[in-house]
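Values in this text are rule-based calculations from the coordinates and carry no lab data. Predicted model, so just to flag it, every value in this text is computed and none were measured. In this analysis, Cβ positions are derived from the backbone assuming ideal geometry, glycine residues included, and neighbour counts consider all displayed protein chains.
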Amino acid sequence: MGDWRNICKDKDTRPEVQQYESWKELPPIPICFPAHASDTGSWRTVRPVTNYEKCTKCGFCYLYCPEGTIHEGKDGYYHVEYDYCKGCGVCANECPVKCITMVLESDAQEEIMND
Amino acid sequence: MTNTESEFEGIHLLKGNYAAAYAARAANVQVVTAFPITPQTLVVEKISELVDSGKMNCEFIRMESEHSVMTGLIGASIAGARTFTGTSGQGLLYMSEPVHWAAGTRLPIVMSIASRGIAPPWNIWADFSDVITQRDSGWLIQLTATHQEIYDSILMAYKISEDPDVMLPSMVAYGGFILSHTSKPVDMPPQAEIDAFLPQIPDQGWEHIFLDAERPMMHGALIMPGDFYQEFRMKIQLAQIRAKDKIKQVSKKFGEKFGRYYGNGLFEEYNSSDAEYIIINCGEIAKQMEIAVDSLRKEGYKVGMIRLRTYRPFPSSELVQAVKHAKIVGVVDRATAFGSPTGGPISTDVRAALQDDPNTRNLTVVPFINGIGGRDVLPEEQRGQFETLFHVLDKGTYPKTKDLMDKTYWTGTIDRRDS
Amino acid sequence: MSVAVQTKDIINVVIHGRGGQGAITASNLLCECAFRAGFKDVLDIPKIGAERRGAPIQGFVRLSRDKEIKLYSGVRNADYTLIFDYTLLDIPSVVKSLSGIILLNAPEFMNLDCIDPSFEVWIVDATGISVKNKLMISGFPILNTLILGAFAKMTGIYSLDIIKDVYKARFGKNWEKNFLSAKEAYESVKKVGRKI
């Protein structure tokens, strides 16, 4: 990690404090992108998968995600950042058109391999 | 003299509270949150008047409690604003949780404290015990002695707090009523000179924390014991240590620019450079103690006084240098630290600091506590504190007076049976 | 005696009043007047606590020509004592603490037996002037601005012109009413002949 001052100025990066070697290089306070506090993606046993054919782009999943891991993409659809999604299922529960399903992580991995 | 064009420039008779409000105005603060509490109320009352009459350009927000006052300022400061408020006694205690949060977030908030005694029994008069309760919060703490110093210290506080190497909030404390409600001439420099003295407020927010939709960030999340929690706390202590040099520099620059010096910024020495008997004191009673020093000097006693201005960071090594030639040291507290080795916060700190150096390790430090809850401190009582030092040094014992409890003198204690 | 006080480095004043009579404001205005008259440092110490209408209260003032005022504790040996209300002389602690030259707001026929004959006493009927000039707030006669006029005459510390300036700066459109009453008090205050 480089100097936190430069990293802070950039729109797309934040000093990820876990990646510093010594406290001396740390910024004065721990800051990060929303949801980047720690490696929560590794906690997941089930993951939300969106059926974009049914999705109405209403944005409920984005609003309800307690960790802020869902972002609006350039296509107007909402995408999950799996590095930080911990698989809580709140988005699937709140989706008004039920286009999000929680898929077992092992099945999802298999699917990704097959793709 | 008072006929200057502006009510904000030149010499004016000001109550201590108004000096604080006028200093906040001069510092171009952008957000003030307020909740009234005696004896501070006049500070935010004056600011609201100034804002209402268009004489001050800032966002003035009335809050429902002191807790909200500080959380409001934290929000404003995170957004990059220069912020100010005032409080006292119980209000500061109620504010305590976000007070720690402000320091932990490293926000350069400045707050004036019209210090008052802590209840029960109910008390609203001068006593630094309220500030002492927040001494370990990470805030820089200045104890001021005159109306002019309140004004000047608030200006200096912004320059110190907003320094990138410091980035810690500041409290500027002064005795309730004894300074807050009394009036004295205060010299206010021209606005252009103050603007040139103070740092620019960055438009993009502070370096380490900002509110910017284009640069979203999260702060204040949980850190597990194995991650950098301890290290972030170390950084606060490091900033406190660095602040000592900044305070010295800023105080010097202020003196060069405006012609008013407050010792080295950390403390102010009065006839102590060749003194054998030195008393460390703080606040306006330290100013008053100069009278006792003068009269004892006239009689040939080599006495001196050091007025502590900066309580946090505590100027340990600097104090060691300032007292190492003394034969005995007294420390006067206008605050209580119940259960501490001496009962007084500053005397406990001074003993710890002097312990750290072989030159001062063997110095006797006699603790005094006085003026609690606004009790009048008389010049002859202050003279008596020096006389106690003479006795302890000559006889090697603590004189048994009505004021002595354990090994601390509670000067001015009422005990009619003894008299 | 007055001349001796005037040459002192620091002049100490004690003000006794009752809540609502403006004694606290008086201590502040007195400082303002002295400051404009060239005193280098001034300090007013309102002894604030439980102010309620009618409760006895105190204010202290220190005026210094050249030196910085370092003393913040209350005034004990005053050079001047101002008493806003003669009924305060019914309070033993007030009588006991009397010191310096005394300025008393009382009707002229007032019996002064309770004040030790060694004291120099000046009397002004501030209440009478205030009522006559309808200088009232919520039915309460204002006394402070008048007594400062009498104090000016008694001590010569500041002039009527300075009072005018201070009141103009302080009271906006009401300055004239206050000033004219102060002038009347200035002209009518009298040193009382006392048998020793």
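Please say if region B:199-247 is rounded, prolate or oblate, where rounded means a/c under 1.5 for a ≥ b ≥ c the square roots of the C-alpha gyration tensor eigenvalues, and otherwise the choice is prolate for a/b larger than b/c and oblate otherwise?
Here region B:199-247 falls in the oblate category.
Of A:8, A:55, A:32, how do they rank once you tally other Cβ atoms within 10 Å and put the fewest first?
By the 10 Å Cβ count, ascending: A:55, A:32, A:8.
Cα gyration tensor of region B:84-153, axes a ≥ b ≥ c as square roots of the eigenvalues: rounded (a/c below 1.5), prolate (a/b > b/c) or oblate?
Oblate, because a/c is 1.5 or more while a/b does not exceed b/c.
In degrees between 0 and 90, to the nearest 10, how far off the longest principal axis of chain B does helix B:41-52 point, with axes built from Cα atoms?
30 degrees
Count charges around residue B:35 for me, please; just the other residues with Cβ under 9 Å from its Cβ, Lys/Arg as +1, Asp/Glu as -1.
Result for the neighbourhood of residue B:35: -1.
Taking every eigenvalue of the Cα gyration tensor of region A:40-114, multiplying by 5 and rooting it, what semi-axes result, largest first, whole Å?
Here the semi-axes work out to 19, 14, 12 Å.
What does the charge add up to near residue B:94, with Lys and Arg as +1, Asp and Glu as -1, over the other residues with Cβ less than 14 Å from its Cβ?
Cβ neighbours under 14 Å give a net charge of -3.
Determine the calculated [θ] at 222 nm for the protein assembly as shown from helices alone, applying -39500 (n - 2.57) to every DSSP H run no shorter than 4 residues and normalising by the residue count; nearest 500 deg cm²/dmol.
Computed ellipticity for the protein assembly as shown at 222 nm equals -10500 deg cm²/dmol.
Quantify how strongly other chains surround peptide B:182-194 by giving the mean number of their Cβ atoms within 10 Å of each of its Cβ atoms.
Counting other chains' Cβ atoms within 10 Å and averaging over B:182-194 gives 3.
Compare A:30, A:48, A:66 in a GNM of chain A, Cα atoms joined below 10 Å, and give the one with the largest fluctuation.
Per the Cα network of chain A with a 10 Å cutoff, A:30 tops the list.
For residue B:140, list long-range residues whose amide hydrogen, built 1.01 Å from N in the peptide plane, is under 5 Å from its own amide hydrogen.
B:170, B:171
What is the log10 of I(q)/I(0) for region B:144-299, computed with the Debye formula using one identical point scatterer on each Cα and no solvent, at q = 0.12 Å⁻¹?
Summing over Cα pairs of region B:144-299 leads to -0.71.
Rounded to the nearest 20 Debye, what is the dipole magnitude of the protein assembly as shown about its Cα centre when Lys and Arg each give +1 and Asp and Glu each give -1 at the C-beta?
The dipole magnitude comes to about 2860 debye.
Given C-alpha coordinates of the protein assembly as shown, what is the ratio Rg to Rh with the Kirkwood estimate of Rh?
Result: Rg/Rh = 1.08.
Starting from the Cα gyration tensor of region B:256-373, take the square roots of the eigenvalues, sort them a ≥ b ≥ c, and report rounded, prolate or oblate (rounded when a/c is under 1.5, otherwise prolate if a/b is larger than b/c, else oblate).
In terms of gyration-tensor shape, rounded.
What's the lysine pair count for region B:267-410 at a Cα cut-off below 23 Å, pairs eight or more apart or interchain?
Qualifying lysine pairs in region B:267-410: 14.
Treat each spin label as a single point 7 Å out from the Cα along the C-beta direction, and report the residue C:137 to residue B:401 distance in nm.
4.3 nm
Run a plain Debye calculation on region C:2-190 (Cα atoms as equal point scatterers, no solvent) and give log10 I(q)/I(0) at q = 0.08 Å⁻¹, rounded to two decimals, same order as the q list.
The calculated log intensity ratios at q = 0.08 Å⁻¹ are -0.22.
What size of dipole, in debye to the nearest 20, comes out for chain A about its Cα centre when the only charges are +1 on Lys and Arg C-beta atoms and -1 on Asp and Glu C-beta atoms?
Result for chain A is approximately 460 debye, rounded to the nearest 20.
Measuring from centroid to centroid over Cα atoms, what is the spacing of region B:29-101 and region B:338-372 in Å?
About 34 Å separates the Cα centre of region B:29-101 from the one of region B:338-372.
In region B:213-349, what % of DSSP beta bridges are antiparallel (nearest 5)?
So the antiparallel bridges amount to about 30 percent of the total.
Quick one: longest stretch of chain C between exposed loop trypsin sites (Lys or Arg not before Pro), exposed meaning at most 13 other C-beta atoms within 10 Å and loop per DSSP?
The longest uninterrupted stretch comes out as C:135-193.
Name the trypsin sites (Lys or Arg not before Pro) in region B:49-151 that are in a loop by DSSP and that have at most 13 other C-beta atoms within 10 Å, would you?
Here the sparse-neighbourhood loop sites are B:55.
Taking the alpha carbon gyration tensor of region B:307-419, what are the square roots of 5 times its eigenvalues, largest first, to the nearest whole Å?
In descending order, the three semi-axes are 24, 17, 12 Å.
Take C:85, B:187, B:294 and order them by how many other Cβ atoms sit within 10 Å, fewest up front.
B:294, B:187, C:85
Which value in nm describes the separation of the simple spin-label points at residue C:119 and residue A:105, placed 7 Å from the Cα toward the beta carbon?
The answer from the label model is 8.9 nm.
At q = 0.06, 0.08 Å⁻¹, what log₁₀ I(q)/I(0) does a Debye calculation on the Cα points of chain B give, no solvent, two decimals?
-0.24, -0.43
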